[in-house]
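Below is one structure, written out as structure tokens; comments come after it.
The values are calculated or read from the model by the stated rules, or taken from the named source; none is laboratory data. Just so you know, these numbers come straight off a predicted model, no measurement behind them. With ideal geometry, Cβ positions are generated from the backbone for all residues, glycine too; neighbour counts draw on all protein chains shown. Accessible surface areas use protein heavy atoms only, side chains included; no ligands, DNA or RNA. Shrake-Rupley method; radii C 1.70, N 1.55, O 1.52, S 1.80 Å.
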Amino acid sequence: MDKKFTILSSFWLKIIALVTMTIDHIGWALQEFIGSNFWAVIPCRYIGRLALPLFCFMIVEGVMHTKSFAKYALRLGIMATIISGAMVLVEYLPIFEGYSLWAEGNIFLDLLLGATAVFLLKRKENYLKALAIIPFAISVTSFCVTAYEASGAIVYWFPFFLRTQYGWYSFLLIVGFYFAYILKEWALDYHENKTGMKKEYLEGSFLDRNLTNVFAIGALIVVTTGLYLCGMLIDYDYLFWDVGVQNMAMFSGAFILLYNGKRGYNAKWFEYGSYLYYPLHLIIIVAIAFLCA
């Protein structure tokens with residue numbers, strides 16, 4: 001049953017996330033260079049909503065299974081630095097005059113802050129767990145600053161190249177996926193008490209993996225619904241995301257449900273290439289769009 005139902009490894013979740021992200025960015029480029037009325041824009045943006053939850057889910061998988069969080073965080077930090085540097089260059093170099101990434105945010109900061117929070121929450125010491133409030137506060141502040149600037153204001157005290165792309169949404173997705181593991185442990189404890197079957201016998205089983213996946217989908221629905229309600233409650237002038245389109249993120253739960261918890265193909269070239277793919281594919285897409293516009 002395990003092989004028939006849970007058919008997607010970590011490798012395939014990454015591939016799906018990379019493909020849907022690329023489609024999303026193609027839609028973004030079409031919107032920026034051709035116009036939002038172009039017929040392909042909306043389908044691309046809808047498909048693109050599937051990417052972020054998958055990346056956030058894999059961040060939790062990475063933190064839960066990595067042998068060295070320092071090396072894992074370093075890779076995310078290097079990519080965050082590269083993206084922030086690129087944002088500054090686009091903003092201030094004369095060659096890019098007329099283009100701005102001021103309001104785009106840095107997705108690798110989202111992932112780094114979420115990964116750091118999960119690492120801290122995993123610790124046994126309560127004072128270390130409490131430190132998870134710091135990345136959360138940064139994510140919330142970034143969200144509020146970006147929303148404020150959507151109304152036409154400019155905030156200088158929080159540098160644009162140090163802001164997250166999705167604010168608290170991506171952070172809470174990552175933390176929510178981590179708590180799926182906690183809820184799974186509680187569910188297995190309950191199962192042990194009811195049946196007498198030792199919990200360790202179920203580790204790595206179909207029940208173990210499927211419970212984690214189901215709770216993760218629950219977290220995805222709750223956090224995405226929270227973002228939708230936030231968008232409905234705040235003034236329209238402060239909206240910097242499409243409230244309805246973002247709800248498509250929930251459909252990524254179908255892929256999470258099929259996840260088998262296995263790494264799959266993980267050659268070094270793919271491991272590091274998946275990081276480099278982000279800036280490289282953006283450069284190619286923007287270059288093509290610029291030449292065709």
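Observations, loosely collected:
- Scanning region 158-189 for residues that are open to solvent by less than 20 Å² (accessible area, probe 1.4 Å) and without any contact (Cβ under 8 Å) to a residue 24 or more places away in the chain gives a single hit, Leu188.
- Meets criteria (farther than 14 Å from Trp102 by Cα, β-branched (Val, Ile, Thr) and open to solvent by 10 Å² or more (accessible area, probe 1.4 Å)) for Ile138: yes
- For Gly152, the conditions (1) surrounded by 15 or more Cβ atoms within 10 Å (Cβ to Cβ); (2) closer than 27 Å to Val286 by Cβ are fulfilled apart from (1).
- Residue satisfying all of: in region 191-203; in contact with a helix residue (DSSP H, G or I) (Cβ under 8 Å, 6 or more places away or on another chain) and assigned to a loop (DSSP other than H, G, I, E, B); farthest from Ile82 (Cα to Cα) among these: Met197
- Failed item, numbered, when Ile78 is tested on (1) β-branched (Val, Ile, Thr); (2) in contact with a Gly (Cβ under 7 Å, 6 or more places away or on another chain); (3) under 28 Å from Ser9 (Cα atoms): (2)
- Test for Gly196: is it touching a residue at least 12 places away in the same chain (Cβ under 8 Å) and among the small types (Gly, Ala, Ser): no
- Boolean, Ile283 is in contact (Cβ under 8 Å) with a residue 40 or more places away in the chain and either closer than 30 Å to Leu207 by Cβ or out of contact with any helix residue (DSSP H, G or I) (no Cβ under 7 Å at 6 or more places or on another chain) (or both): no
- Residue that is least open to solvent (accessible area, probe 1.4 Å), among those in region 93-135 that are without any contact (Cβ under 8 Å) to a residue 24 or more places away in the chain and acidic (Asp, Glu): Glu125
- Restricting attention to region 247-274, the residues being in contact with a Lys or Arg (Cβ under 9 Å, 6 or more places away or on another chain), within 23 Å of Ile78 (Cα to Cα) and open to solvent by 60 Å² or more (accessible area, probe 1.4 Å) number 1.
- Unmet criterion (only one of (1) crowded, with 16+ Cβ neighbours inside 10 Å; (2) closer than 25 Å to Trp28 by Cβ; (3) of a type in the set (Asp, Glu)) for Asp208: (2)
- Of the residues making up region 94-146, those that are of a type in the set (Phe, Trp, Tyr), within 21 Å of the chain's Cα centre (by Cα) and within 16 Å of Ser84 (Cβ to Cβ) are Trp102, Phe108.
- Residue check for Trp168: hydrophobic (A, V, I, L, M, F, W, C) and under 28 Å from Ala86 (Cβ atoms): yes
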